[in-house]
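The next block holds one structure in the form of structure tokens; read it before the comments.
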Amino acid sequence: MTNALSKLLETRDWLMADGATGTNLFNMGLSSGDAPEMWNIEHPDRIKKLYKFAVDNGSDIFLTNSFGGNSSRLKLHDAGHRAREISRVAAELGRDVADAADRPVIVAGSVGPTGDIMEPVGSLSHADAVEIFHEQAEGLKEGGADVLWLETISAPEEYRAAAEAFALADMPWCGTMSFDTAGRTMMGVTSADMVQLVQSLPNPPLAFGANCGTGAADLLRTVLGFSAQGVEIPIIAKGNAGIPKYVDGHIHYDGTPDLMADYAVMARDCGATIIGGCCGTMPEHLHAMREALETRPRGPRPTLDKITAALGAFSSASDGTGDDNPPARERRRSRRRV
Amino acid sequence: MSEEEDDIILSELDDEELVQQMFDDLYDGLKEEIEEGVNILLERGWQPYRVLTEALVGGMTIVGNDFRDGILFVPEVLLAANAMKGGMAILKPLLAETGAPRMGSMVIGTVKGDIHDIGKNLVSMMMEGAGFEVVDLGINNPVESYLEALEEHKPDILGMSALLTTTMPYMKVVIDTMIEQGLRDDYIVLVGGAPLNEEFGKAIGADAYCRDAAVAVETAKDFVARKHNQMNA
């Protein structure tokens, strides 16, 4: 399939994605609790400004302001019926900004989780999840997104449902999960599990990886876990700029631009092809990351010690891969399973 | 058939073995088996409170510890909590009748703008699993709904949850309003959610940040015990 992202991936051996959406919008006056996606309609100028932050500071790819733009999330703001429209406008604004740039820039239509737990543990059916994702995918496609970009997913069932929806929309896609619980996703998926999941899909993503989660160090451990599987699909690293702190009434992430520059170069050495930030990654961080990626040489795969020395400690001793897992509970007797 | 040799007949186990088996069954999320086990213990003359604390709370403590230690994850814990709920449904009316001691109570909800309730539900279930009474306000709660619930239920604890960096600052809005209205010191305020950390909890004026549902239960027990000590002092 020919599309703008796969073309760019053919000509470059690394690409830079964007940084934070929420953190930047707060700085423009978004209040806590309001849906950032409504600003696509109410303040299109601010959303374009957000996209321009990324383009002007070296991003090759930026994500649209549609993370919470599925009907399941928007219904909370009484806008569930507007999912397709809000996503379409998010992409249209992105198209305007990307087309005005003096180099190829990819508009990636952001798709976040539904917020519901899927069957059998939860109540959301596969069919309903596909329908929710499909509606948003069609909106993003209409608005001119080059690719769809699934992010912050924790359940494999939800990742699969979104993949199926993107096939229905006939769109190329990328998809990242969030590894925030002892090196796994909230639902217990390890980096190795995700590689298997991605490779088992009938329409695999153009690139896959990790976003958000805990700090930048944890994220790179996950990327090392991906690349250890010898996977050929390009890997995405979108880590947070440190951890959030509350300073003078605002959330502030403690990762400096220098730290994120180190993170970006190390992410590439860990095997990532598409490198960006997530929460707390501001224009100045992106600027430093781009400069580092362009000027610093590639190095060997960093060891875990080197990662923690540069970026801080991991949030857990193990990430569920390898042999140092905590032991599973011994049952007294095996029960016959029905 | 050899399969039948593996099959466990709960009613044939003695009390101690039965409780041990219920720990395993809770761990494996087997709701019907837990309901059966609760009924057997009650038939054998156990007090409802003893069934709750020794069999159910004991079993959920193991689940909670393994969740804390990264051995179990959300899907398994939800299944375990569901099994626990089956047992609780039998015990609840009996506990009220027998005037069993109360562990404490909590009002909990996800803050305004946030529809994520997975973590909050886990805390809710694990708190119930530890014997607390829980009033769950659901998702997307403005400060008014927290205050109304505090007024109505007079809980020991207020719990707030947020998954998004865009919604976590709202916790401070709630706490600041409680301070303004002179209510803050009447309650233990616990906060949690993926993007939070201890420093954030302190900065917004919460009593504690709880990393996960298991920690929430331990923290709640701790604070409630301290609160009761203070009241008796």
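The values are calculated or read from the model by the stated rules, or taken from the named source; none is laboratory data. All values reported here derive from a predicted model rather than from experimental measurement. Here Cβ is always computed from backbone atoms with ideal geometry, including for glycine, and neighbour counts include all displayed protein chains.
Among what's in segment A:160-175 and is in contact with a helix residue (DSSP H, G or I) (Cβ under 7 Å, 6 or more places away or on another chain) and surrounded by fewer than 24 Cβ atoms within 10 Å (Cβ to Cβ), pick the residue that is farthest from the other protein chains (Cβ to nearest Cβ). So, considering only residues that are in contact with a helix residue (DSSP H, G or I) (Cβ under 7 Å, 6 or more places away or on another chain) and surrounded by fewer than 24 Cβ atoms within 10 Å (Cβ to Cβ), the one farthest from the other protein chains (Cβ to nearest Cβ) is A:172. One residue stands out in segment B:7-32 among those that are closer than 23 Å to residue B:73 by Cα, among the charged types (D, E, K, R) and facing another protein chain (nearest Cβ under 8 Å): the one that is surrounded by the fewest Cβ atoms within 10 Å (Cβ to Cβ), namely B:28. For segment A:97-128, give me each residue that is touching a helix residue (DSSP H, G or I) at 6+ places or on another chain (Cβ under 8 Å), loosely packed, with under 15 Cβ neighbours inside 10 Å and among the charged types (D, E, K, R). Result: A:119, single match. The set of residues in segment A:14-26 being in contact with a Lys or Arg (Cβ under 9 Å, 6 or more places away or on another chain) and farther than 20 Å from residue A:213 by Cα consists of A:14 alone.
Checking each residue in segment B:197-233 for being over 20 Å from the mean Cα position of the chain (by Cα) and aromatic (Phe, Trp, Tyr) picks out only B:200.
If you filter segment B:61-77 down to residues that are of a type outside the set (Asp, Glu) and not in a helix (DSSP H, G or I), you find that the one that is farthest from residue B:213 (Cα to Cα) is B:71. The set of residues from segment A:252-278 being at pLDDT below 90 and buried (at least 24 other Cβ atoms within 10 Å of the Cβ) comprises just one member, A:253. Identify the residue in segment B:160-196 that is polar (S, T, N, Q) and either surrounded by fewer than 23 Cβ atoms within 10 Å (Cβ to Cβ) or within 21 Å of residue B:220 (Cα to Cα) (or both) and, among all such residues, is farthest from the chain's Cα centre (by Cα). Looking at the filtered set, the residue picked out is B:181. What about residue B:105, is it in contact with a helix residue (DSSP H, G or I) (Cβ under 9 Å, 6 or more places away or on another chain), away from chain A (no Cβ under 12 Å), of a type in the set (S, T, N, Q) and within 18 Å of residue B:74 (Cβ to Cβ)? When the stated conditions are applied, residue B:105 does not pass them.
The helices (runs of 4 or more DSSP H) falling completely within segment A:1-88 that include 1 or more residues that are acidic (Asp, Glu), in contact (Cβ under 8 Å) with a residue 40 or more places away in the chain and more than 12 Å from chain B (Cβ to nearest Cβ) map to A:44-56. The residues listed here are B:40, B:71; of these, the one that is buried (at least 16 other Cβ atoms within 10 Å of the Cβ) and touching a helix residue (DSSP H, G or I) at 6+ places or on another chain (Cβ under 7 Å) is B:40. Of the residues A:195, A:189, the single one that is crowded, with 22+ Cβ neighbours inside 10 Å, β-branched (Val, Ile, Thr) and at pLDDT 95 or above is A:189. The conditions of being within 14 Å of another protein chain (Cβ to nearest Cβ), part of a helix (DSSP H, G or I) and not aliphatic (A, V, I, L, M) are met by residue B:201. Residues considered: B:16, B:36, B:32, B:54. Of these, the only one that is out of contact with any Lys or Arg (no Cβ under 8 Å at 6 or more places or on another chain), among the acidic types (Asp, Glu), without any contact (Cβ under 8 Å) to a residue 12 or more places away in the chain and part of a helix (DSSP H, G or I) is B:16. Within segment A:232-251, take every residue that is touching a Pro at 6+ places or on another chain (Cβ under 9 Å) and facing chain B (nearest Cβ under 10 Å) and give me the one that is surrounded by the fewest Cβ atoms within 10 Å (Cβ to Cβ). So the residue we want is A:249. Of the numbered criteria (1) within 12 Å of another protein chain (Cβ to nearest Cβ); (2) without any contact (Cβ under 8 Å) to a residue 40 or more places away in the chain, the one residue A:196 fails is (1).
Residue check: is residue B:69 among the acidic types (Asp, Glu) and in the same structural domain as residue B:190 (by TED's automatic domain parsing)? Criteria not met by residue B:69. Got at least one residue in segment A:199-208 being touching a strand residue (DSSP E or B) at 6+ places or on another chain (Cβ under 6 Å) and surrounded by fewer than 24 Cβ atoms within 10 Å (Cβ to Cβ)? Scanning segment A:199-208, I find at least one residue that is touching a strand residue (DSSP E or B) at 6+ places or on another chain (Cβ under 6 Å) and surrounded by fewer than 24 Cβ atoms within 10 Å (Cβ to Cβ), so the answer is yes. Checked against (1) on the phi < 0 side of the Ramachandran plot; (2) surrounded by fewer than 18 Cβ atoms within 10 Å (Cβ to Cβ), residue A:20 passes all but condition (2).
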